[in-house]
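Take this structure, written in structure tokens, and hold onto it; I'll ask about it next.
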Amino acid sequence: MLSPISLSLTALAIMSCSADPGDGSDTQPTEDAGTTSSSDTSPPVGDTTEASTGASDAEVEPSASCRCVLPDHAELDSYDHQACGWGPCGSIEVACQGGSEHAPHPLCDAGYGELVMDITALDCALDMLVQGASGLVHFTFSADRGVSRSGGFLRIGAGRLGLSRTWQSADLGGFESALELIPLKSAAYFETCRAMQDPAERYLCLKKWSDGSATEVCDESMQYSDL
């Protein structure tokens with residue numbers, strides 16, 4: 001596995017799941033810089049499909065609500081899986097690792113230019129989002145040997161309503177979003193994501209799961225710094 005399921009309170013963060021594509025400049029894009037090119041020259045994505053952190057075949061409670069929250073916990077630890085279940089897919093673990101026979105992937109920095117992810121978990125999560133099936137979608141992204149880190153989870157519930165939190169950190173600071181109940185985008189949107197040939201594009205498309213403002217806030221956002 002690329003990262004443990006239990007995450008530290010000293011690495012809280014929020015990522016922008018609706019970031020716009022880059023402007024085409026020479027600046028290295030970040031992990032949430034938007035969709036990547038679908039051209040045939042796109043760097044390949046390594047498939048690390050091997051594990052299923054948090055995956056479970058157990059039946060999942062159909063509703064998503066604030067009862068799924070563990071107060072005073074961070075990141076994925078703020079989700080009460082004992083009350084609300086995991087689901088079948090496990091964690092979508094994404095990382096930039098050193099070396100590549102190709103040019104650095106647009107989501108990675110030079111020197112850590114190969115993008116790897118659990119593609120099976122990614123496609124499983126997209127199938128859940130198409131169906132609106134109850135269960136947990138969870139992703140993590142690690143770059144620069146873990147110095148830059150981000151992640152998020154979505155507990156899908158009945159009526160395409162989900163419980164969502166995201167985070168992002170770099171060096172000694174970071175931000176974690178509020179834990180909110182949100183409406184999900186349509187099945188047709190996620191069908192489009194699922195049909196994308198490039199796994200990196202499917203991953204970036206998946207993260208833009210919200211279709212509107214929160215209907216309820218279960219746990220407030222938090223910012224931190226160790227400086």
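Mind ranking CYS205, CYS66 by accessible surface for me, highest first, 1.4 Å probe?
Details: CYS205 10, CYS66 40 Å².
Result, largest first: CYS66, CYS205.
Could you tell me what fraction of 2.2 N^0.38 Å the Cα radius of gyration of the range 99-163 comes to, as a two-decimal ratio? Intermediate results must be reported in sequence, preceding the final value.
Working: Rg = 15.1 Å, N = 65, 2.2 N^0.38 = 10.7 Å.
So the Cα radius of gyration is 1.40 times the expected 2.2 N^0.38 Å.
Something else now. Largest first, what is the accessible-area ranking of SER169, SER221 with a 1.4 Å probe?
So, going from the largest accessible area down, we get SER221, SER169.
Taking Cα centroids, how far is the range 184-227 from the range 142-183 in Å?
After rounding, the separation between the Cα centres reads 9 Å.
Related question: Provide the solvent-accessible area of LEU172, counting protein heavy atoms only and rolling a 1.4 Å probe, rounded to the nearest 10 Å².
Accessible area of LEU172: about 80 Å².
If you don't mind, another one. Residue separation times 0.36 nm, minus the C-alpha to C-alpha distance between ASP211 and GLN197: what's the value?
Gain on extension, ASP211 to GLN197, equals 2.7 nm.
At 1.4 Å probe size, with no ligands or nucleic acids counted, give the accessible surface of ASP118 in Å², nearest ten.
ASP118 exposes around 10 Å² with every protein chain in place.
Same structure, new question: Go through SER148, SER91 and list them by solvent-accessible area, largest first, probe radius 1.4 Å.
Greatest to least solvent exposure: SER148, SER91.
While we're here: So what does VAL147 come to for accessible area, using a 1.4 Å probe and Å² rounded to 10?
Taking all protein chains as shown, VAL147 has close to 70 Å².
Another question, if that's okay. Would you kindly derive the ³J(HN,Hα) couplings of the range 211-218 from the backbone phi angles with the Karplus curve 6.51 cos²θ - 1.76 cosθ + 1.60 (θ = phi - 60°), listing them in order in whole Hz, with x for Gly and Pro?
Result, ordered by residue: 10, x, 6, 5, 8, 7, 9, 9 Hz.
The values are calculated or read from the model by the stated rules, or taken from the named source; none is laboratory data. In this text, all values refer to a predicted model and were calculated from it rather than measured experimentally. Surface areas here come from the heavy atoms of the whole protein model, side chains and all, with no ligands, DNA or RNA. Shrake-Rupley method; radii C 1.70, N 1.55, O 1.52, S 1.80 Å.
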